[in-house]
Amino acid sequence: MIGRQMGEAAGVPTQVVPAPPSAMLDRAARERAFDFVWDTIDEHYYDRALHGVDWRAAGARYRPLALAAPDDEAFWDVLDRMTGELHDAHTRVESPLRVELRKRDESITLGFAFVPVNERFVVTSVFVDSDAWWAGVRSGMTLISIGEEPARQAYEKMKAETRLDSTPQSRHQRALRRLLMGEVGSKMTFTFERADASRFATTLRRQRLRVPPMEIHRILPSGFGYLRFTEWTIPLTLRALDGLNALKETPGIVVDLRGNPGGAAHAVNLMLERFYPERIETGRVITRTGKPVSLFFGTLEIIKLKRVVDGDKDAYRGPVVVLMNAQSASASELFAATLQATGRAKILGQPSCGCLLGFLGYAQVPGGAELAYSEVGFELPNGKHIEGEGVIPDKPVPIDPADLQTNRDRALEEAQALLATMKP
């Protein structure tokens, strides 16, 4: 969320940890890793009250489970579940395998995603390079069974094994990843139902997939501008700013952040400046000490307590609609919520992730894992907190399986209709 580019002796763990050995961690190594995670959160979490969690009791409950874990991946999973007691999606332990995948910008997946809709599990996306696509799985289909179990029963079991999270929608995403991930080449059988009620079973293979960052901008046939980008990294945000500049003469703009999981707060600030012609206060930052986040023993503030957008005299002044869904998280929520709270844009779609806290980089855990822990909270100008709730759309557009089946983007249609009623 927020990158600390330089370290300092400010209590943030920064020691170098060698690559994990191939042999399973012994008891002493597990104890060092457990203590590192517990102590770091206890001493540095942004909220001194730890979201009301009895952290000492949590440590006492999870320590024997961690030390008795049958293998290292299970050990790291127990540590991650302990951090889940904070109900904070950003605070987490990533195993060495997860770290490797993140650094490569890869995922291991069965190739499709689904969400619960009216007591059904509806497929929302399918990767075209996956077995799922070539087996005939398409958006809008209903997932009937997972292995030999009804889909609902198998999913609930998987969710029960998944750590707690910021919101129900973010926990679903975590449960989905747990279900779809696994060893490369391992297989699982599913049954799907098509729109005509016919069913088919297929066995899908897990594979590594990489989805490169994407930025799209265009003038729609309606005359309104459309801007979409898939992450808040500085390079991609700079491309998105060029796209915004290309749309500056349009009478209204749709910013599509559906599926954008977040990134750097600085990138958000760069984009926000292009929507305000003058300086505006946009809320405040919450830290453990009540002081700004700084480097060099307080001489250089990198995160100030008062959030301000300086503005740009050449800023876009037309009406704006932002599209959001449950996969819109973190930096995407900061951007959308700021525009909404200041009256600069309308939000359309589904409630977002509800995952808006900030961490300043990963701490390396003895044994090869990495720990992210929230050091910054955010409060909007109206006093609202997005963490644990999400950005609530001004105009909800729920997921409709019929739209998925026909490849209809109802949210984009509604966004253009709404822009037509808005004034600059």
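Just a few scattered comments:
- Filter pass, residue 43 being free of Cβ contacts under 8 Å to residues at least 60 places away in the same chain, farther than 25 Å from residue 158 by Cα and not in a loop (DSSP other than H, G, I, E, B): yes
- Applying the criterion of being in contact with a Lys or Arg (Cβ under 9 Å, 6 or more places away or on another chain) and not aliphatic (A, V, I, L, M) to the residues of segment 64-83, the residue that is farthest from residue 25 (Cα to Cα) is 83.
- Residue 277 vs. criteria touching a Leu at 6+ places or on another chain (Cβ under 8 Å), open to solvent by 20 Å² or more (accessible area, probe 1.4 Å) and in a loop (DSSP other than H, G, I, E, B): no
- Of the strands (runs of 3 or more DSSP E) that lie entirely inside segment 164-240, not one contains 3 or more residues that are touching a residue at least 24 places away in the same chain (Cβ under 8 Å), closer than 30 Å to residue 51 by Cβ and in contact with a Phe, Trp or Tyr (Cβ under 7 Å, 6 or more places away or on another chain).
- Scanning segment 77-104 for residues that are open to solvent by 10 Å² or more (accessible area, probe 1.4 Å), closer than 24 Å to residue 169 by Cβ and of a type outside the set (A, V, I, L, M) returns 77, 80, 81, 85, 87, 90, 92, 94, 98, 102.
- Matching residues, segment 125-165, being of a type in the set (Gly, Ala, Ser) and open to solvent by less than 60 Å² (accessible area, probe 1.4 Å): 125, 130, 132, 135, 136, 139, 140, 145, 147, 151, 154
- Residues in segment 196-232 that are of a type in the set (Ser, Thr, Tyr), crowded, with 17+ Cβ neighbours inside 10 Å and under 25 Å from residue 112 (Cα atoms): 230 alone.
- One residue from 131, 105 being of a type in the set (Asp, Glu) and under 30 Å from residue 39 (Cα atoms): 105
- Residue match in segment 314-331 (condition: small (Gly, Ala, Ser) and touching a Ser or Thr at 6+ places or on another chain (Cβ under 6 Å)): yes
- For segment 228-256, filtering for residues that are among the β-branched types (Val, Ile, Thr) and in contact with a helix residue (DSSP H, G or I) (Cβ under 7 Å, 6 or more places away or on another chain) leaves 4.
- Test result for residue 315, among the hydrophobic types (A, V, I, L, M, F, W, C), surrounded by 15 or more Cβ atoms within 10 Å (Cβ to Cβ) and either under 28 Å from residue 177 (Cβ atoms) or over 18 Å from the mean Cα position of the chain (by Cα) (or both): yes
- Per-region count, segment 31-75, residues under 23 Å from residue 357 (Cα atoms), out of contact with any helix residue (DSSP H, G or I) (no Cβ under 8 Å at 6 or more places or on another chain) and either crowded, with 21+ Cβ neighbours inside 10 Å or among the small types (Gly, Ala, Ser) (or both): 5
- Residue in segment 146-168 that is more than 24 Å from the chain's Cα centre (by Cα) and more than 28 Å from residue 74 (Cα to Cα) present: no
The values are calculated or read from the model by the stated rules, or taken from the named source; none is laboratory data. Since this is a predicted model, take the numbers as computed values, not measurements. Ideal geometry is used to build each Cβ from the backbone, glycine not excepted, and the neighbour counts take in all protein chains shown. Each accessible area value is taken on the protein alone, full model and side chains, heavy atoms only, with ligands, DNA and RNA left out. Shrake-Rupley method; radii C 1.70, N 1.55, O 1.52, S 1.80 Å.
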